[in-house]
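Reviewing the structure listed below.
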Amino acid sequence: MTTAINEYRAGPKVGARSEFMVVGDVIPGHEEALRQTLERHMTGPRTQQAINQIGTLHEARFVLLDGDTRLVFASSFDGPWDVYIDDFATTDIGRNFDDTWQHVQGYPGVKSPNVKEWFKERTVVAGNFVRACPEPTVKQVWKALALQKAFQQVLDTPGAEEALQHPALKPLLDLAAD
Amino acid sequence: MTTMTSVKSGKGLSDGLVSELATYWNVLPGHEDELRAATQRFADVLRNVPSEKNLHTGLRDSRHVIFDNGQRLMWATTFENDWDPYFDDFVQIGIEHFVDWLQHTAQYTDVSAWLESSGGLEKFRLDNPEIESQMKRTVGGLKAIVQSVQSPATGYFNQLSAWTMPQLVKAQRLQETFQQVLDTPGAEEALQHPALKPLLDLAAD
């Protein structure tokens, strides 16, 4: 049951952002193929598109440990854990995920009904997770960056400075002066 | 496998402006609980560092994860400054906070030897008038120990890697101010000015 997994995953959370870490055993003989897959994804344009599509992933790293015999996946994401895993299955990143995790023992496939249970069994909850700067969700940051772009566009428009003199808009004018 | 190093990220990988550091330490037998408590204290110190200091250091996040039945510890961070200044600034948060948790790892033998050859904890106090030269002379030794237990990522992705934290903070401040403006009587009408159309369009979102 999803709720049970979320309760199990009661790891450190800062704001809307939670950490997630999984450790799996690489299938003997698959070490090089896994490394090549990870390196290919790192530079593949499809990866960034897929991450954008998810829109809740802050960052993720794959580390090959102990002579490439184990795979560590450590990430942080916005929102509930089960939605995060569901997003992997329903977006293009699921294909990348299957390409990677197929080299790990017992991986059932991202669309398998057992995938959450499989991750749950291999999850290690962090003792602490600290963000240096309070940061909203990825989607909120995107919104703020879009506003900043629009604001810059406005500031470059003739007549904008005068329009911003309106008392209701004064806080924006003050920021423009920064 | 040959490990590459770079000015930007040291031994780790980068995505845009952001680099990763993931280190793996062996927990001393019987020290798991003490280590857990010490890493928590370290996290509390980081949480209480003023945000301007964190912006200067370039630290984005940090986590400690004890795994393998309490036998291993992962300490992982991400950062946006170049590796050397990042590590130097980070150490100045207080070497005693690092030692607090490092003493519960098998690698502390090396750390302890480094500390002794560096003159001890006292020499790293920020009020030491010679702190700059002390750091320059000695911190490379600690960096080498940290890098000796670093396993560089084979894949690293950061969704907000194109922007620095100061840029993100600035954008967020604008967002908050804009929201405040939208809640002000008369703002909607004022935004009808043709020069402000891009803002009006966003207000409708």
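Each reported figure results from applying straightforward, stated rules to the coordinates on display, with no laboratory input. Here the structure is a predicted model, which means the values were calculated and not measured. For neighbour counting, all protein chains shown are included, and Cβ atoms are generated from backbone atoms with ideal geometry for every residue, glycine included.
Miscellaneous remarks
- Between segment B:75-145 and segment A:101-178, the alpha-carbon center distance in angstrom: 33
- Size descriptors for the protein assembly as shown, from the alpha-carbon set: Rg then Dmax equal 23.1, 70 Å.
- Gyration tensor verdict on segment A:105-158 (Cα atoms; rounded if a/c is under 1.5, prolate if a/b is larger than b/c, oblate otherwise): oblate
- Point-charge dipole on Cβ atoms (K/R +1, D/E -1) for chain A, about Cα centre, debye to 20: 240
- 21 Å Cα-Cα threshold exceeded, pairs from A:Lys13/B:Lys170; B:Lys123/B:Lys143; A:Lys143/B:Lys53; A:Lys13/A:Lys139: A:Lys13/B:Lys170; A:Lys143/B:Lys53
- Couplings 3J(HN,Hα) of segment A:89-98, computed from phi: 6, 9, 10, 4, 5, x, 5, 4, 5, 5 Hz, in residue order, whole Hz [Karplus 6.51 cos²θ - 1.76 cosθ + 1.60, θ = phi - 60°; x for Gly and Pro].
- Summed residue charge, Cβ within 14 Å of B:Leu73's Cβ, Lys/Arg positive, Asp/Glu negative: -2
- Cα gyration tensor category, rounded, prolate or oblate, for segment B:147-205 with a/c compared to 1.5: prolate
- Of all DSSP beta bridges confined to chain B, the antiparallel ones make up roughly 100%.
- Normalised radius of gyration (Cα atoms, divided by 2.2 N^0.38 Å) for chain A: 1.33.
- Quarter of the Cα convex hull surface for segment B:25-98, i.e. its orientation-mean projected area (nm²): 4.9
- Student exercise, segment B:1-110 dipole from Lys, Arg, Asp, Glu Cβ charges, in Debye to nearest 20: 180
- Sequence-distant residues sharing a close amide H with B:Gly155 (under 5 Å, placed H): A:Phe62
- Qualifying GluC sites (Glu not before Pro) for segment B:116-162 [loop in DSSP, other Cβ within 10 Å: at most 15]: B:Glu130
- Part-to-part distance (alpha-carbon centres) for segment B:147-172 and segment B:22-69, which is given in Å: 18
- Per residue of peptide A:20-28, the mean number of Cβ atoms on other chains within 10 Å of the residue Cβ is 1.
- The protein assembly as shown - charge dipole about Cα centre, Lys and Arg +1 at Cβ, Asp and Glu -1, debye rounded to 20: 380
- Computed with the Debye formula from one identical point scatterer per Cα of segment B:106-153, without solvent, the log10 of I(q)/I(0) at q = 0.21, 0.23 Å⁻¹ comes to -0.73, -0.82.
- Compared with the dominant Cα axis of chain B, that is its longest principal axis, helix B:165-182 is turned about 30°.
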